[in-house]
Every structure is written in C-alpha cells, then in structure tokens.
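Only one structure is covered here, and it is reproduced in the block below.
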Amino acid sequence: MSSIDPACGAKYNTIVGEMAGKPQPLIFPDHPREECGVVAVYAPKGHAARVAFFGLFALQHRGQESAGIASSNGESIKIHTSMGLVTQAFREESLAPLEGDMAIGHTRYSTTGSSKLSNAQPFLVSGVHGQLALGHNGNLINAVNLRKELESKWGYTFTSSTDSEVLAYLLASAPGETWEERVAYCMRNVQGAFSAVVQTKDAIMGIKDPLGVRPLCLGKLDGGWVIASESCALDHLGAEYIRELEPAETVLIDREGIHSFIWAGRNKRRALCVFELIYFARPDSRLDGQQVYATRRAMGARLAQEQPAEGDLVIGIPDSATAAAMGYAHEIGIPYSDGLVKNRYVGRTFIEPDQRLRDLGVQLKFNPLPDVISGKRLVVVDDSIVRGTTTPRVVSLLRRAGAKEIHMRVCAPPIRWPCHFGVDMATRQELIAANNSIKEIEQKIGADSLGYLSVEGLLEVVGGRQNGFCHACFSGDYPIPVQLEMDKLVLERPKESQD
C-alpha cells in the first residue's frame with residue numbers, strides 16, 4: 001500500500017468539531033491522538049469545581065475537543081459541559097453554579113463516538129442507585145453488546161454515541177449493596193481500558209481497569225484529595241503526590257474519609273500503555289514510578305546505540321521528541337540544537353483555514369531556523385510516525401531551509417497495529433509501517449536514512465519486562481483478544497449494522 005498522499009489531509013489531519021452547526025476542521029498532526037484527561041476533587045475547604053477546572057487545565061494536552069465538570073453539594077449533582085478547550089468551555093458564570101466540596105472533570109479527545117456536544121463528558125445518568133456522573137479515559141471493546149443489554153434489560157435511552165455513557169449506565173444499574181460490589185460487577189462484565197472518575201451525590205471515586213492500561217494517580221490537597229490522570233495535575237494544584245492506583249483498584253472518597261478496594265478477580269498481568277511514556281504524558285509527570293522526561297531521554301540514548309547516524313547536529317521535533325533528541329545527542333556525541341520552532345496553537349482552533357493556508361501544510365505548525373541548520377547534516381529525532389503524512393513535509397521544510405542531509409530517527413518502534421484501548425491511532429490500512437518496509441518508508445518520507453527504536457530496546461528502557469506494558473501497536477500482542485478492525489463511530493451506526 002502506498003503512503004497517504006499529503007494532499008488528502010482533509011481526511012486524515014482533521015478532527016471534526018460541532019460548532020455553529022457545521023463541521024470545523026482542525027489541522028494536524030500525524031501522531032496518535034491524545035485520549036482523555038480526568039480529575040476528581042474532594043475539597044472540604046473550598047469550591048471543588050474550581051479546583052477541578054485548574055486540574056483539567058493541567059491535563060489539556062490529553063484532549064482538546066470538549067470539557068466538562070460535575071459537582072455535588074451532598075444533595076444533588078450539577079453539571080456543565082461544552083465544546084472546545086477548558087478555557088473555552090468554562091467562564092465564571094458557568095463555573096460558579098457548580099457548588100459543593102466534591103467534583104469530577106473531564107477533557108476529551110474522541111476515541112469512541114464523534115466530536116459533538118452530546119458526547120462531551122462527564123455523563124450524568126440515573127439508575128437504581130440514584131444519580132451519578134462519570135468521566136472516562138479509555139475504550140471498551142464490548143460496548144456494543146453492553147449497550148444492547150442495558151437497552152433491553154433496563155430500557156435506558158442513550159443520548160450519546162460513546163462507550164463512556166455505557167459504562168456510566170452499567171455502574172448506575174449494577175447489582176450490589178455496596179459500591180465495592182457494584183464496581184466488581186462492572187469489572188467482571190467490561191472488557192477494555194477504563195480509568196474513570198465518578199461523582200455521586202455524596203462521594204467521588206477513581207476506578208482503574210484490571211490491566212491498568214490508562215494512568216490514574218492519587219494526591220492529598222489541604223485536608224482533601226485529588227485523583228487525576230497524571231501527576232502534573234497534582235503539581236499544578238499544589239497537591240502532594242501519594243501514589244498510582246493499582247490495576248483493578250477503586251478509591252472511594254466521602255466525607256468520612258478515603259477507602260480503597262481491589263477487585264479480587266484480577267489476574268497479575270499489567271498492561272500500562274507504553275505510549276503514555278513515549279508521547280502522551282507530560283514530561284513533568286511521573287508514571288509507573290518513572291519521571292517521564294528522564295525516560296524519554298533514556299529512549300533517545302538507546303536509539304543512538306541501536307541506530308547511530310553521522311551528522312553535524314541533532315534536532316528534535318518539538319515538543320514531544322525534545323527530551324529524546326537530547327538523549328540521542330548526548331549518547332552519540334553530536335551537538336543538540338533547536339532546529340524547528342513550533343506554533344503550539346495551530347490545531348487548537350475551531351476556525352477553518354482557507355485553502356491557501358491549508359496548502360502551506362506544516363509551515364503553519366513548524367518554522368525552521370535556517371541559520372542553525374543550513375549546510376548541516378541533520379539527525380532529526382521524532383517520537384513516532386503513524387500514517388506518514390506529516391513527516392515528508394517536515395523533511396521538505398528542512399531541505400528548503402538548507403539542510404544538507406536528513407537522517408530520521410524515531411524513538412518508538414514501527415507502529416504496525418491499531419490501538420483498541422483509548423488511543424485514536426489509525427486503521428491498519430492507514431499505518432505506513434504496516435504496509436511498507438523501513439526502506440520504503442525512508443523513500444516515501446524523503447529522508448537520507450531512517451531508523452527506529454526496537455521493541456526490545458524500548459522495553460528495556462521502561463522496565464517493561466518486569467512491570468508490564470501494553471505494546472500491541474508495535475508487536476500485535478494485545479493484552480486481551482480484540483477485533484482487529486474496530487470502528488470508533490460504531491455506536492453511531494444504525495443498530496442493524498452493529499450486529
């Protein structure tokens with residue numbers, strides 16, 4: 001299969017938003033799409049929704065399509081959701097009514113269901129145990145069957161096309177006298193990845209799936225507690241990092257204190273998504289006991305050992321590959337420098353560019369430094385190549401700026417398999433490494449050479465042989481059986497086509 005024509009960017013480099021009643025394309029990138037960020041707050045001395053807002057602000061990198069917060073004052077749950085970035089979704093007038101000392105929040109990139117307001121989270125549902133709100137990071141691979149069962153058994157009417165609403169109704173109707181029993185019921189019946197936060201009228205919960213695919217951590221804050229996708233959110237709130245939640249663990253916080261229980265049916269396999277360490281998590285976060293920045297530098301050093309290149313300068317694709325590029329340069333003994341300047345706001349707007357601006361391609365996102373790179377043999381480090389749509393443009397941009405040679409080095413192995421656990425990666429037909437040899441990819445992107453980090457090298461760097469990571473997008477070794485091609489819009493299809 002040939003690589004995707006960059007001129008087809010409207011199909012592959014677009015996130016569809018729903019503003020003013022029509023699709024609004026966003027630009028770029030050729031990376032795995034971020035999943036979602038979640039936060040839960042118990043703030044007995046303050047306005048929990050306000051704390052949750054700033055927690056979401058720190059997790060904005062995990063999703064930019066929509067945001068929402070649900071809060072409780074002990075009597076009822078109030079909720080506000082909106083499209084856009086966290087700062088676009090909330091104003092003082094929308095945040096002030098969310099009263100109470102408990103709140104949960106969510107910032108979304110769609111992995112199941114399209115980007116529209118009805119799919120924004122948290123979801124507020126009512127079941128046999130009363131109201132609850134839920135925000136979810138991950139992906140349920142048996143969502144269609146669960147939804148059919150909930151519709152037929154309980155008569156629920158779903159208002160969205162996401163698996164997160166399915167999880168919310170399942171928990172709201174789960175049998176059991178205690179939340180421990182109800183969560184255990186969900187653990188037995190749900191397949192896939194779910195790091196979720198839950199708001200009832202008098203408690204908040206953080207729930208992690210039995211494999212621990214998506215991150216979730218616990219912190220202490222001024223007499224209260226915070227649960228968040230990443231520790232960087234705790235840092236921004238001034239909270240003390242306590243620990244990561246264990247796979248299959250639920251942390252329940254109410255006004256009586258904090259309670260933890262782990263589902264007895266979990267096995268010992270762990271499968272934290274290794275892409276969290278490669279790309280998704282902020283470099284200042286801690287995951288699996290590791291500082292993400294230091295781990296990415298170590299990936300770059302290992303990449304230099306496995307895939308050395310002769311050059312005059314090492315540069316990284318900003319910002320996600322900066323640490324790896326520094327590690328590569330230090331290990332191989334070639335100077336590191338900035339070679340590209342990134343406009344961090346391209347792709348974060350709902351305004352559609354005109355055709356002339358769209359044709360500029362990566363020039364809207366990256367601008368080279370000709371005085372730095374002209375006449376140089378460049379080693380260019382990136383975190384991943386997914387479809388191969390953006391990399392040829394970056395290579396062309398650097399050549400026009402005067403680069404003499406361009407040697408691409410990638411601090412992730414070739415991505416040959418799609419993700420089914422909460423990352424909008426691509427279909428297997430779209431993945432350039434699934435359909436081309438490394439030499440063919442090198443020719444398609446226009447580089448003088450191309451080298452990837454090996455799966456073995458990656459796992460040695462992150463300690464995956466001992467701790468357990470999901471690396472299915474590289475190896476095809478999924479931690480649980482999956483349907484090889486799944487459709488993120490399946491819950492929007494007519495029911496007869498879901499069978």
Exercise. Exactly one of (1) part of a loop (DSSP other than H, G, I, E, B); (2) surrounded by 22 or more Cβ atoms within 10 Å (Cβ to Cβ) is unmet by MET408. Its number?
Worked result: (1)
Exercise. Counting only residues that are at pLDDT below 95 and on the phi > 0 side of the Ramachandran plot, how many does the stretch 257-288 have?
Worked result: 1
Exercise. Can we say GLY219 is crowded, with 20+ Cβ neighbours inside 10 Å, over 19 Å from ALA58 (Cα atoms) and small (Gly, Ala, Ser)?
Worked result: no
Exercise. Here are ALA298, ALA309, ALA325: which of them is touching a Ser or Thr at 6+ places or on another chain (Cβ under 8 Å) and either outside any helix (DSSP H, G or I) or not polar (S, T, N, Q) (or both)?
Worked result: ALA309
For this session: Identify the residue in the stretch 159-193 that is in a loop (DSSP other than H, G, I, E, B) and among the polar types (S, T, N, Q) and, among all such residues, is nearest to the chain's Cα centre (by Cα).
Result: THR162
For this session: Filter the stretch 332-346 down to the residues that are modelled with pLDDT under 95 and among the charged types (D, E, K, R), then identify the one that is farthest from GLN305 (Cα to Cα).
Result: ARG344
For this session: Determine, yes or no, whether LEU252 is crowded, with 20+ Cβ neighbours inside 10 Å and within 21 Å of the chain's Cα centre (by Cα).
Result: no
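One line per residue, one yes/no per condition, for (1) in a helix (DSSP H, G or I); (2) modelled with pLDDT under 95; (3) of a type outside the set (Phe, Trp, Tyr); (4) in contact with a Ser or Thr (Cβ under 7 Å, 6 or more places away or on another chain):
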residue: ALA447; (1), (2), (3), (4): no, no, yes, no
residue: GLN466; (1), (2), (3), (4): yes, yes, yes, no
residue: PRO481; (1), (2), (3), (4): no, yes, yes, no
residue: MET486; (1), (2), (3), (4): no, yes, yes, no
residue: LEU491; (1), (2), (3), (4): yes, yes, yes, yes
For this session: Would you mind telling me which numbered condition in (1) under 24 Å from the mean Cα position of the chain (by Cα); (2) crowded, with 24+ Cβ neighbours inside 10 Å; (3) in contact (Cβ under 8 Å) with a residue 60 or more places away in the chain VAL144 fails?
Result: (2)
Problem set entry | Residue check, GLY155 at pLDDT below 95 and out of contact with any Lys or Arg (no Cβ under 8 Å at 6 or more places or on another chain) | yes
For this session: Identify the residue in the stretch 273-289 that is part of a strand (DSSP E or B) and out of contact with any Leu (no Cβ under 7 Å at 6 or more places or on another chain) and, among all such residues, is nearest to ARG188 (Cα to Cα).
Result: CYS273
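Yes/no per residue for (1) modelled with pLDDT of 95 or more; (2) buried (at least 23 other Cβ atoms within 10 Å of the Cβ); (3) in contact with a strand residue (DSSP E or B) (Cβ under 6 Å, 6 or more places away or on another chain):
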residue	(1), (2), (3)
VAL314	yes, yes, yes
THR322	yes, no, yes
LEU364	no, no, no
VAL380	yes, yes, yes
ARG393	no, no, no
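The values are calculated or read from the model by the stated rules, or taken from the named source; none is laboratory data. From a predicted model like this one, the values you see are computed outputs, not experimental measurements. With ideal geometry, Cβ positions are generated from the backbone for all residues, glycine too; neighbour counts draw on all protein chains shown.
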